[in-house]
Amino acid sequence: MAISSARSSATPPEDSAEPAGLTDVYAHPLSTRRLPKHRMPQGPHDPDTVLQLIRDELDLDGNAAQNLATFCTTWSPPQIHRLMDLSLVKNMIDKDEYPQTAEIEARCVRMLADLWHAPAGGGARGCSTTGSSEAAMLGGLALKWRWRAARQAAGKPADRPNLVCGPVQVCWEKFARYFDVELRQVPLQQDATGMRPEQLSAYVDENTIGVVAILGVTYTCDYEPVRAFAEELDALQRKTGLDVPLHVDAASGGFVAPFLHPDLEWDFRLPRVASINSSGHKYGLAPLGVGWAVWRSAEALPEELVFHVSYLGGDMPTFALNFSRPGGSVIAQYALLLGLGREGYRRVHQSCADTAAALAEQIAEAGPFTVLYDGQGALPALSYTLTDPDRAGFTLYDLSEQLRMRGWQVPAYPLPPDRGETVIQRVLVRHGISRDKADLFAEDLRHCLRRLSGTGPDAGAPRVGFHH
Ligand SMILES: *Cc1c(COP(=O)(O)O)cnc(C)c1O
């Protein structure tokens, strides 16, 4: 935004005429007209006015602090704001120009490889990305390249790769389409919220580049049983000789399980796990724009996929879909790892999990719901459904809409196709949602229920605005 109020030519453009000495932004000519929306204006405008008017427009967005729908960070401490400001110019790709930013990225990769139990001295490799989607593409590409190399070495056709998974996030559908891989999505069994290990062998064959396990299923927030998948694939290898690697999409769980469920074996402790992705900007608590991909060893990441850029006169391997990309959220991630430490992350997430459990109790007591997940054992979140949707007299979509009137954003959506008749609602309890705020939400929810079921003091009555 190159904005300046200086006038360079003798005749100022019509749309930037400014009466001299006028300082109030709402009296500025720009404030008295509709903002240009199709054609870039000819002349410059006062930067303070532009700032204020754009702020005003952004106010119409949902309030992030009441966004219970997103997995992503909606609150950061002031120090992170300051670091982000300092990092405005840091380009992640310029390893030579900003070697300390590159070094900070490498430290994060080492810390995460260690957190996820990569074998010490085993040559784990990894990189930051713009999020888990890019990290998933990279993980998928590595699987595809490894599979193809092995097929070619064995003199077998390598033109029909497939990837086996359960109810994955859309990034895996994207990967499959963009990189020409058949996505074999295993249908959900009745009452299941993820793939079940015994389903695997019917879908895996010699063209399977890998199996994706999800640590933190997007729909329901529980974990798929990664260890049981690994054991199933071990058994399959003993029986058939097929050696199929596991990739763990730990977009959310990668920054939760190590702190809340340290004994759960889902990571590189399982030799079958070749690679892991996670979103720094979800439970990693970093601002938007950072994800991580880590491979167990150099063999898990084929050399042909790695590009080399110059770095301090030397050479730095890079693996990314992007070139230029902001470095701020990577730097912020390091500050958070450093500042919170393992104990800090544990406390942040534990308090969210406790709040989720308390909220689940209130939801269960409210009457019409069955709680599907109460925030214990996996992500700090909860999900629930209507116990008797036909008799409830309202849908969860209606409830979402009602909650929105108080600013709460809570999604309602059907489970994946095989269980698509079940509509659920999901509340993510993240950093920034205190116990008291959760109580305020529950109170609003009960109020909405009274209104929807026609039993509230205001049911049917003309709506006057003093209830809250
Ligand atoms: C959020 C999510 C993704 C996508 O991550 P982004 O960081 O938003 O790109 C992928 N997989 C799962 C399981 C997720 O929850």
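I'd like to know if the stretch 111-127 contains one or more residues that are farther than 30 Å from Asp205 by Cα and either among the basic types (Lys, Arg) or touching a Lys or Arg at 6+ places or on another chain (Cβ under 7 Å) (or both). Taking every residue of the stretch 111-127 in turn, none turns out to be farther than 30 Å from Asp205 by Cα and either among the basic types (Lys, Arg) or touching a Lys or Arg at 6+ places or on another chain (Cβ under 7 Å) (or both).
Every residue, every condition in (1) within 27 Å of Phe259 (Cβ to Cβ); (2) away from the ligand (no atom under 14 Å from the Cβ); (3) in the same structural domain as Val256 (by TED's automatic domain parsing), yes or no:
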residue: Pro119; (1), (2), (3): yes, yes, yes
residue: Gly139; (1), (2), (3): yes, no, yes
residue: Asp159; (1), (2), (3): no, yes, yes
residue: Asn162; (1), (2), (3): no, yes, yes
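Set side by side, the residues Val348, Val427 differ, and just one is assigned to a helix (DSSP H, G or I), within 18 Å of Thr73 (Cα to Cα) and open to solvent by less than 60 Å² (accessible area, probe 1.4 Å), which is Val348. If the requirement is being over 18 Å from Cys108 (Cα atoms) and outside the structural domain of Arg430 (by TED's automatic domain parsing), which of these qualifies: Leu321, Leu372? Result: Leu321 is the single residue among Leu321, Leu372 that is over 18 Å from Cys108 (Cα atoms) and outside the structural domain of Arg430 (by TED's automatic domain parsing).
Rundown of residues vs (1) among the charged types (D, E, K, R); (2) within 25 Å of Pro287 (Cβ to Cβ); (3) surrounded by fewer than 21 Cβ atoms within 10 Å (Cβ to Cβ), yes/no style:
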site: Ala120; (1), (2), (3): no, no, yes
site: Cys127; (1), (2), (3): no, yes, no
site: Ala135; (1), (2), (3): no, yes, no
site: Trp147; (1), (2), (3): no, no, no
site: Arg151; (1), (2), (3): yes, no, yes
site: Pro157; (1), (2), (3): no, no, yes
site: Leu163; (1), (2), (3): no, no, no
site: Pro167; (1), (2), (3): no, no, no
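Arg391 meets the conditions (1) at pLDDT below 95; (2) basic (Lys, Arg); (3) assigned to a helix (DSSP H, G or I) in every case but one. The failed one is (3). Cβ-Cβ contacts under 6 Å between residues 6 or more apart (or on different chains), taken from a first residue in the stretch 381-404 that is not assigned by TED's automatic domain parsing to the domain that holds Val217 to a second residue that is among the basic types (Lys, Arg) and modelled with pLDDT of 95 or more, are listed as Ser383/Arg426.
On the given criteria, is Lys174 touching a residue at least 24 places away in the same chain (Cβ under 8 Å), open to solvent by 10 Å² or more (accessible area, probe 1.4 Å), within 14 Å of the ligand (Cβ to nearest atom) and within 30 Å of Glu303 (Cα to Cα)? Lay out the reasoning, then the answer.
On the way: touching a residue at least 24 places away in the same chain (Cβ under 8 Å): yes; open to solvent by 10 Å² or more (accessible area, probe 1.4 Å): yes; within 14 Å of the ligand (Cβ to nearest atom): yes; within 30 Å of Glu303 (Cα to Cα): yes.
Yes.
Ser76 fulfils the conditions (1) open to solvent by less than 50 Å² (accessible area, probe 1.4 Å); (2) polar (S, T, N, Q); (3) modelled with pLDDT under 95 except for a single criterion, (3).
The values are calculated or read from the model by the stated rules, or taken from the named source; none is laboratory data. Note that the coordinates shown come from a computational prediction; the quantities given were computed from them, not determined experimentally. For neighbour counting, all protein chains shown are included, and Cβ atoms are generated from backbone atoms with ideal geometry for every residue, glycine included. When the accessible area is computed, the model is the full protein with side chains, heavy atoms only, and any ligands, DNA or RNA have been set aside. Shrake-Rupley method; radii C 1.70, N 1.55, O 1.52, S 1.80 Å.
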